[in-house]
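Here's the structure, in structure tokens; my notes come after.
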Amino acid sequence: MARAIKSPKMDSATARTKLKASGKPVYCEIARGLHLGYRKGAKTGEKWTGGNWVMRRYVGDEKYLVETIAQADDKQPADGLMVLSFDQARERARERFKEAITPGPAPIAAPFTVNEALDRYFARLEADHSKSLGDARNRAANHIRPELGAK
């Protein structure tokens, strides 16, 4: 099971400037199994490069998938595409999480009929060498299959 994460304040550019630059992002939980992270960029000389928004989702067995989703609005205003504010990054992470856990349309299976159920039941009786197999087939043929078999 994933451990609890202590959420730092990172919802404003001012708050993010107080975080230390690191190769690993700082995360806050935004939904069960989903975290929004901020990876602060390195300072080159006197110039700070800004940071990136990172999404991390739990995939089971104590493993996560991590994906950079955009630049943070540290050095330039958010444009909603390449540069995102905290709220925009949180929303994009939720959208991507939803896409990842929502499979495509399920194939439409043919309806399971009473006849198919009876056939499986008889196969099981036959595999178990049941003495009641003959009686069950006879009763099904006379009382069940004529009216309900196709349903």
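Coordinate-derived values only; no laboratory data. Computed from a predicted model, the values in this text were never measured in an experiment.
Obtain the radius of gyration and the Kirkwood radius of the range 9-96 from its C-alpha atoms and give Rg over Rh.
Expressed as Rg/Rh, it is 0.97.
Considering just Cα atoms, how many Å³ per residue does the convex hull of the range 58-151 enclose?
About 166 Å³ per residue, rounded to a whole number.
Give me the number: length gained by fully extending Val114 to Arg137, i.e. 0.36 nm times residue separation minus the C-alpha to C-alpha distance, one decimal in nm. Numbers along the way, then the final one.
On the way: separation 23, 0.36 × 23 = 8.28 nm, distance 1.32 nm.
Using 0.36 nm per residue and subtracting the Cα-Cα distance, I get 7.0 nm.
Cα to Cα, under 24 Å, and not fewer than 8 places away if on the same chain: which lysines meet these conditions relative to Lys40?
Lys6, Lys9, Lys18, Lys20, Lys24, Lys63, Lys75
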